[in-house]
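What follows is a single structure, written as structure tokens, with notes after it.
The values are calculated or read from the model by the stated rules, or taken from the named source; none is laboratory data. All of these numbers come straight from a predicted model, not from anything done at the bench. Glycine gets a Cβ as well: all are built from the backbone with ideal geometry, and neighbour counts include every protein chain shown. Please note that ligands, DNA and RNA were not included when accessible areas were found on the heavy atoms of the full protein model with its side chains. Shrake-Rupley method; radii C 1.70, N 1.55, O 1.52, S 1.80 Å.
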There are 2 protein chains.
Amino acid sequence: MDAEAIRRSLEGSGLRCTPQRYAVMAFLMEQNRHSTAAEIFEAVNRVDPRSSRATTYNNLRDLVKAGLVRDVAVEGRAARFEAKGMRHHHFICDRCGKVEDIEWYDVPRPASGSIGKRVLRECELIFRGLCTKCAPARASRKVS
Amino acid sequence: MDAEAIRRSLEGSGLRCTPQRYAVMAFLMEQNRHSTAAEIFEAVNRVDPRSSRATTYNNLRDLVKAGLVRDVAVEGRAARFEAKGMRHHHFICDRCGKVEDIEWYDVPRPASGSIGKRVLRECELIFRGLCTKCAPARASRKVS
DNA sequence: TATCATATTAGATATAATCTAAATTATTGA
DNA sequence: TCAATAATTTAGATTATATCTAATATGATA
Ligand SMILES: [Mn+2]
Ligand SMILES: [Mn+2]
Ligand SMILES: [Zn+2]
Ligand SMILES: [Zn+2]
């Protein structure tokens, strides 16, 4: 999309806008998905410039640390990454592990007694169940 | 605690109550924590019977599949496991990755339009920030 | 241009989890 | 009782995921 905007967001975070780093960020922004490091590595290398695996991991870590990218952990699967855009919640499929966005809505905070001396930064909702692809499959499996 | 109760819950799920499997379940129930597979393996082997690493992983997977144990994914860290007891939410420390329980309270469901054809099984809240141990450390780090 | 911090790289290494195939243990039902 | 069957365990190999190393390259600054 807007190459200049990506460059500015990188440099605004004190990160040089290198071709490899740009490629990771651009890929995450145009795909509106939740990709694994392996998928990102493969995708940015389908076109030049070639980026090493170490660099892909380094850049993902830097981007997460800078707050431009979010790391989504899924039980039993590789980490997934997404460009941080509008706030949203997540739906995670029990069967295929797919992560999907759910429109943001505000979450009631816990009683301050529950939080104690912890410093609360954010609240996020995770929904679990079956995605639209898996729901019918699982339902028919039951029949047999 | 109640050895007979553990035995019954295993057999009620169609799992034999083997010494190795019992040891995993008993450990998770007496510790009220979120342990990694490596920690569980190490703990159940401090006493007999010796259980192999493969068996520890096999049993954790079986117990999760049976719904007796919950697998908690944390970004950048090994999976953590806990015996399923009372419903609760989780607080995850940004700095040390510790997972802590937050008293359960009901979560407003998303608009049905957001869910679409997905099958929703559960909603869970994840709180993020700094745990009581890390909060002061991070605060003083800022000062320097 | 010289200097210095930042970034990239291939390959080695570390960590987490699963697989394999043989042996063991428990269950079933003649 | 005992053979047949199914479930479980095991050591070690293997796979998957992620990080480290140390040499090189690149870009910013003076
Ligand atoms: Mn998302
Ligand atoms: Mn918990
Ligand atoms: Zn699915
Ligand atoms: Zn902490």
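Comparing mean-square fluctuations of A:119, A:24, A:69 from a GNM of chain A with C-alpha springs under 10 Å, the top value falls on A:119.
Would you mind telling me the antiparallel percentage of the DSSP bridges in region B:86-137, rounded to 5? Don't jump to the answer; show the numbers that get you there.
On the way: 5 of 9 bridges.
Of the beta bridges lying entirely in region B:86-137, close to 55 percent run antiparallel.
When only Cα pairs below 8 angstrom with a gap of at least 6 residues are kept, region B:1-87 shows a relative contact order of 29 percent.
With a 1.4 Å probe and all protein chains left in place, how much of the accessible area of chain A comes from carbon and sulfur atoms, in whole percent?
50 percent
In this assembly of identical copies, the label point of residue B:136 (Cα plus 7 Å along Cα-to-Cβ) is separated from its counterparts by 5.9 nm, sorted shortest first.
Averaged over the residues of B:68-78, the number of partner chain Cβ atoms lying within 10 Å of the residue Cβ comes to 3.
Comparing B:106, B:71, B:62 in a Gaussian network model of chain B, where Cα atoms under 10 Å apart are tied by springs, the biggest mean-square fluctuation is seen for B:106. For chain B, the share of DSSP beta bridges that are antiparallel, to the nearest 5, is 75%.
Taken along the Cα-to-beta-carbon direction at a fixed 7 Å, the label points for residue B:45 and residue A:132 span 4.7 nm. Spin-label model, residue A:52 to residue B:117: label points 7 Å out along the Cα-to-beta-carbon direction sit 4.6 nm apart.
Could you calculate the FRET efficiency of residue B:7 with residue A:95 from 1/(1 + (r/R0)^6), where r is the beta carbon distance between them and R0 is 22 Å, rounded to 0.05? Result of the calculation: an efficiency of 0.15.
At q = 0.09, 0.12, 0.13, 0.16 Å⁻¹ the log10 of I(q)/I(0) for the protein assembly as shown amounts to -0.54, -0.94, -1.08, -1.40, computed by Debye summation with a single uniform scatterer per C-alpha, solvent ignored.
The angle separating the long axis of helix A:134-143 from the principal Cα axis of greatest extent in chain A is about 30 degrees. The convex hull of the Cα atoms of region B:86-137, projected and averaged over all directions, covers 4.8 nm². Panel values: region A:19-110, Kirkwood radius from alpha carbon pairs, Stokes-Einstein at 37 °C and 0.692 mPa s, translational diffusion coefficient 235 µm²/s.
Accessible area per residue for region A:86-137, computed on protein heavy atoms with a 1.4 Å probe, is 52 Å². How many angstrom lie between the Cα centre of region A:1-59 and the Cα centre of region A:110-135? First find each Cα centre; the distance between them is then 29 Å. Going down the list A:117/B:98; A:98/B:133; A:98/B:98; A:98/B:117, which pairs span over 22 Å between their C-alpha atoms? Going by Cα-Cα distance, A:98/B:133; A:98/B:98 fall outside the 22 Å limit. For region A:6-65, a Kirkwood radius taken over Cα pairs fed into Stokes-Einstein (20 °C, viscosity 1.002 mPa s) yields D = 187 µm²/s.
Interface size, chains A and B: roughly 2800 Å² of accessible area buried, both sides included, 1.4 Å probe, rounded to the nearest 100.
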